[in-house]
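Chemist: Following this message is one structure expressed as C-alpha coordinates.
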Amino acid sequence: MKLNKILRKKLIGTFISLTVFVLGCSKVDPVTGEKIFTETNPQTKARQTVDKGGGIFGDILKGDKSSNSNTYNFSSSNVLWKATLKTLDFMPLMNADYQGGVIVYDWYSDNENYKDQIKITVRFLNNELKSDSINVITHKKICEENTSKCKIIKLDNNFNNEIKSTILASARTLRIEEEKSKNK
(Lines give C-alpha, C1' and ligand atoms only; values in the text may rest on other atoms or scores of the structure.)
Protein backbone atom coordinates (compact mmCIF):
# COMPACT_ATOMS: atom_id res chain seq x y z
CA MET A 1 0.00 0.00 0.00
CA LYS A 2 2.81 2.36 0.85
CA LEU A 3 4.45 1.42 -2.46
CA ASN A 4 1.29 2.38 -4.39
CA LYS A 5 1.28 5.87 -2.80
CA ILE A 6 4.93 6.40 -3.71
CA LEU A 7 4.32 5.22 -7.29
CA ARG A 8 1.25 7.43 -7.61
CA LYS A 9 3.17 10.48 -6.38
CA LYS A 10 6.01 9.78 -8.80
CA LEU A 11 3.58 9.28 -11.70
CA ILE A 12 1.70 12.48 -10.88
CA GLY A 13 4.98 14.38 -10.53
CA THR A 14 6.25 13.00 -13.84
CA PHE A 15 2.95 13.86 -15.55
CA ILE A 16 3.00 17.42 -14.21
CA SER A 17 6.65 17.89 -15.22
CA LEU A 18 5.97 16.52 -18.70
CA THR A 19 2.89 18.74 -19.10
CA VAL A 20 4.80 21.84 -18.05
CA PHE A 21 7.65 20.94 -20.42
CA VAL A 22 5.31 20.38 -23.40
CA LEU A 23 3.33 23.56 -22.70
CA GLY A 24 6.56 25.50 -22.30
CA CYS A 25 7.75 24.43 -25.76
CA SER A 26 4.67 25.67 -27.58
CA LYS A 27 3.80 29.29 -26.99
CA VAL A 28 0.79 31.32 -28.09
CA ASP A 29 1.18 34.79 -29.55
CA PRO A 30 -0.88 37.10 -27.29
CA VAL A 31 -1.86 39.35 -30.22
CA THR A 32 -2.75 36.89 -32.99
CA GLY A 33 -3.46 33.79 -30.92
CA GLU A 34 -1.26 31.67 -33.22
CA LYS A 35 0.76 28.82 -31.76
CA ILE A 36 4.47 29.52 -31.80
CA PHE A 37 6.85 26.59 -31.83
CA THR A 38 10.43 27.25 -30.86
CA GLU A 39 12.74 26.13 -33.65
CA THR A 40 16.10 24.79 -32.52
CA ASN A 41 17.79 24.58 -35.94
CA PRO A 42 19.40 28.02 -36.55
CA GLN A 43 19.21 27.76 -40.37
CA THR A 44 15.50 26.96 -40.29
CA LYS A 45 14.84 29.68 -37.76
CA ALA A 46 16.72 32.25 -39.87
CA ARG A 47 14.80 31.23 -43.01
CA GLN A 48 11.46 31.56 -41.17
CA THR A 49 12.42 35.02 -39.90
CA VAL A 50 13.41 36.21 -43.39
CA ASP A 51 10.20 34.76 -44.88
CA LYS A 52 8.15 36.74 -42.37
CA GLY A 53 9.99 39.94 -43.33
CA GLY A 54 12.00 40.14 -40.15
CA GLY A 55 15.68 40.30 -39.47
CA ILE A 56 18.14 43.14 -39.69
CA PHE A 57 17.14 44.26 -43.20
CA GLY A 58 13.39 43.60 -42.98
CA ASP A 59 11.74 43.35 -46.41
CA ILE A 60 14.58 45.11 -48.21
CA LEU A 61 15.72 41.91 -49.91
CA LYS A 62 12.22 41.17 -51.21
CA GLY A 63 11.91 44.60 -52.79
CA ASP A 64 8.70 45.26 -50.86
CA LYS A 65 8.60 48.93 -49.88
CA SER A 66 5.32 48.78 -47.97
CA SER A 67 6.95 48.21 -44.59
CA ASN A 68 9.50 50.95 -45.26
CA SER A 69 6.92 53.49 -46.43
CA ASN A 70 7.09 55.51 -43.22
CA THR A 71 10.82 55.95 -43.48
CA TYR A 72 10.64 56.84 -47.16
CA ASN A 73 7.74 59.20 -46.61
CA PHE A 74 9.44 60.91 -43.69
CA SER A 75 12.82 61.43 -45.28
CA SER A 76 11.81 62.56 -48.75
CA SER A 77 8.29 63.93 -48.49
CA ASN A 78 8.26 65.61 -45.10
CA VAL A 79 8.26 69.36 -45.66
CA LEU A 80 9.50 69.98 -42.10
CA TRP A 81 12.56 67.84 -42.78
CA LYS A 82 13.29 69.64 -46.06
CA ALA A 83 12.64 73.06 -44.52
CA THR A 84 15.02 72.34 -41.63
CA LEU A 85 17.81 71.32 -43.99
CA LYS A 86 17.14 74.39 -46.14
CA THR A 87 16.89 76.83 -43.22
CA LEU A 88 20.02 75.63 -41.42
CA ASP A 89 22.12 74.85 -44.50
CA PHE A 90 24.83 77.29 -43.36
CA MET A 91 25.61 75.10 -40.34
CA PRO A 92 27.84 72.02 -40.54
CA LEU A 93 25.70 68.88 -40.44
CA MET A 94 26.85 66.35 -37.87
CA ASN A 95 24.14 63.67 -38.01
CA ALA A 96 20.81 63.19 -39.80
CA ASP A 97 18.74 60.19 -38.77
CA TYR A 98 15.62 59.84 -40.90
CA GLN A 99 14.15 56.93 -39.00
CA GLY A 100 14.86 58.45 -35.61
CA GLY A 101 13.58 61.83 -36.76
CA VAL A 102 16.54 63.91 -35.59
CA ILE A 103 19.04 66.27 -37.18
CA VAL A 104 22.11 67.30 -35.20
CA TYR A 105 24.26 70.17 -36.39
CA ASP A 106 27.88 70.60 -35.33
CA TRP A 107 29.30 73.60 -33.48
CA TYR A 108 29.07 76.80 -35.54
CA SER A 109 30.43 80.30 -35.09
CA ASP A 110 30.34 83.30 -37.36
CA ASN A 111 33.47 85.13 -38.43
CA GLU A 112 32.97 88.06 -36.05
CA ASN A 113 32.76 86.15 -32.79
CA TYR A 114 34.77 82.93 -33.00
CA LYS A 115 34.82 82.44 -29.20
CA ASP A 116 31.07 81.79 -29.10
CA GLN A 117 29.67 78.76 -30.90
CA ILE A 118 26.18 77.27 -31.14
CA LYS A 119 24.99 73.74 -31.71
CA ILE A 120 21.44 72.95 -32.82
CA THR A 121 19.46 69.72 -32.56
CA VAL A 122 16.06 69.39 -34.25
CA ARG A 123 13.77 66.53 -33.21
CA PHE A 124 10.79 65.63 -35.37
CA LEU A 125 7.83 64.46 -33.31
CA ASN A 126 5.41 63.78 -36.20
CA ASN A 127 4.93 64.43 -39.93
CA GLU A 128 2.30 67.16 -39.64
CA LEU A 129 2.99 70.80 -40.41
CA LYS A 130 2.27 72.13 -36.91
CA SER A 131 4.32 74.02 -34.35
CA ASP A 132 4.37 71.07 -31.95
CA SER A 133 5.71 68.73 -34.65
CA ILE A 134 9.33 69.73 -34.06
CA ASN A 135 11.46 70.43 -31.03
CA VAL A 136 14.53 72.66 -31.34
CA ILE A 137 17.32 72.46 -28.75
CA THR A 138 20.30 74.80 -28.87
CA HIS A 139 23.50 74.93 -26.88
CA LYS A 140 26.07 77.69 -26.74
CA LYS A 141 29.76 77.15 -26.11
CA ILE A 142 31.64 80.15 -24.73
CA CYS A 143 35.42 79.83 -24.70
CA GLU A 144 37.87 82.05 -22.89
CA GLU A 145 40.35 83.86 -25.09
CA ASN A 146 43.81 82.23 -25.42
CA THR A 147 42.78 79.21 -23.31
CA SER A 148 41.04 75.94 -23.93
CA LYS A 149 38.51 76.54 -21.16
CA CYS A 150 34.97 76.53 -22.46
CA LYS A 151 31.54 76.64 -20.86
CA ILE A 152 28.48 75.08 -22.51
CA ILE A 153 25.01 76.36 -21.69
CA LYS A 154 21.56 75.49 -22.99
CA LEU A 155 19.93 78.49 -24.64
CA ASP A 156 16.51 79.74 -23.64
CA ASN A 157 13.27 78.90 -25.41
CA ASN A 158 13.05 82.32 -27.10
CA PHE A 159 16.02 81.50 -29.35
CA ASN A 160 14.69 77.98 -29.95
CA ASN A 161 11.26 79.37 -30.88
CA GLU A 162 12.84 81.83 -33.36
CA ILE A 163 14.54 78.94 -35.16
CA LYS A 164 11.36 76.86 -35.01
CA SER A 165 9.31 79.74 -36.48
CA THR A 166 11.80 80.16 -39.32
CA ILE A 167 11.67 76.44 -40.10
CA LEU A 168 7.85 76.42 -40.02
CA ALA A 169 7.66 79.44 -42.33
CA SER A 170 10.02 77.75 -44.76
CA ALA A 171 7.96 74.54 -44.54
CA ARG A 172 4.76 76.45 -45.34
CA THR A 173 6.44 77.99 -48.38
CA LEU A 174 7.65 74.57 -49.54
CA ARG A 175 4.15 73.10 -49.05
CA ILE A 176 2.59 75.90 -51.14
CA GLU A 177 5.19 75.35 -53.88
CA GLU A 178 4.48 71.61 -53.87
CA GLU A 179 0.72 72.18 -54.12
CA LYS A 180 1.19 74.62 -57.01
CA SER A 181 3.38 72.13 -58.89
CA LYS A 182 0.77 69.37 -58.40
CA ASN A 183 -2.01 71.56 -59.77
CA LYS A 184 -0.11 72.40 -62.99
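Chemist: Out of ASN113, ASN127, ASN95, I need the residue that is polar (S, T, N, Q) and under 19 Å from LEU174 (Cα atoms). Which one? Write out each step before concluding.
Modeler: On the way: ASN113 fails: under 19 Å from LEU174 (Cα atoms); ASN95 fails: under 19 Å from LEU174 (Cα atoms).
Answer to the check: ASN127.
Chemist: Sticking with this one: Give the residues of region 93-125 that are within 22 Å of the chain's Cα centre (by Cα) and farther than 20 Å from ASN157 by Cα, sorted by residue number. Write out each step before concluding.
Modeler: As a first pass, look at region 93-125 and keep what is within 22 Å of the chain's Cα centre (by Cα): 93-106, 119-125.
Passing the criteria: LEU93, MET94, ASN95, ALA96, ASP97, TYR98, GLN99, GLY100, GLY101.
Chemist: Quick test of your reading of the structure: TYR114 fulfils all but one of (1) hydroxyl-bearing (Ser, Thr, Tyr); (2) modelled with pLDDT of 90 or more; (3) in contact with a strand residue (DSSP E or B) (Cβ under 9 Å, 6 or more places away or on another chain). Name the failing condition by number.
Modeler: (2)
Chemist: Out of the residues in region 136-164 that are touching a residue at least 24 places away in the same chain (Cβ under 8 Å) and within 25 Å of the chain's Cα centre (by Cα), state the one that is farthest from ALA83 (Cα to Cα). Give the steps one after another, and end with the answer.
Modeler: Initially, region 136-164 is screened for residues touching a residue at least 24 places away in the same chain (Cβ under 8 Å), giving 136, 138, 140-145, 155, 160-161, 163-164.
Remaining after also requiring within 25 Å of the chain's Cα centre (by Cα): 136, 138, 160-161, 163-164.
Working: VAL136: 13, THR138: 18, ASN160: 16, ASN161: 15, ILE163: 11, LYS164: 10 Å.
Going through the qualifying residues, I end up with THR138.
Chemist: Working only within region 163-184, note down all residues that are part of a helix (DSSP H, G or I) and exposed (fewer than 15 other Cβ atoms within 10 Å of the Cβ). Steps first, please.
Modeler: Step one: of region 163-184, the residues part of a helix (DSSP H, G or I) are 163-183.
SER165, ALA169, ARG172, THR173, ILE176, GLU177, GLU178, GLU179, LYS180, SER181, LYS182, ASN183 - these are the residues of region 163-184 that are part of a helix (DSSP H, G or I) and exposed (fewer than 15 other Cβ atoms within 10 Å of the Cβ).
Chemist: Looking at region 1-15, which of the residues that are assigned to a helix (DSSP H, G or I) and of a type in the set (A, V, I, L, M, F, W, C) is modelled with the lowest pLDDT? Talk me through it step by step, then tell me what you get.
Modeler: Kept after step one, since they are assigned to a helix (DSSP H, G or I), are these residues of region 1-15: 2-15.
Filter once more, keeping what is of a type in the set (A, V, I, L, M, F, W, C): 3, 6-7, 11-12, 15.
Numbers: LEU3: 62, ILE6: 71, LEU7: 65, LEU11: 69, ILE12: 77, PHE15: 67.
Of everything passing the filter in region 1-15, LEU3 is modelled with the lowest pLDDT.
Chemist: I need the full set of residues from region 106-159 which are part of a loop (DSSP other than H, G, I, E, B) and either outside the structural domain of LEU174 (by TED's automatic domain parsing) or of a type in the set (D, E, K, R) (or both), in order please.
Modeler: Within region 106-159, ASP106, ASP110, GLU112, LYS115, GLU128, LYS130, GLU144, GLU145, LYS149, ASP156 qualify.
Chemist: Go through region 142-162 and give me each residue that's over 16 Å from VAL102 (Cα atoms) and buried (at least 16 other Cβ atoms within 10 Å of the Cβ).
Modeler: Of everything in region 142-162, those that are over 16 Å from VAL102 (Cα atoms) and buried (at least 16 other Cβ atoms within 10 Å of the Cβ) turn out to be CYS143, LEU155.
The values are calculated or read from the model by the stated rules, or taken from the named source; none is laboratory data. Remember, predicted model here, so these are calculated numbers, not experimental data. Glycine also receives a Cβ, built like all others from the backbone with ideal geometry; neighbour counts cover every protein chain displayed.
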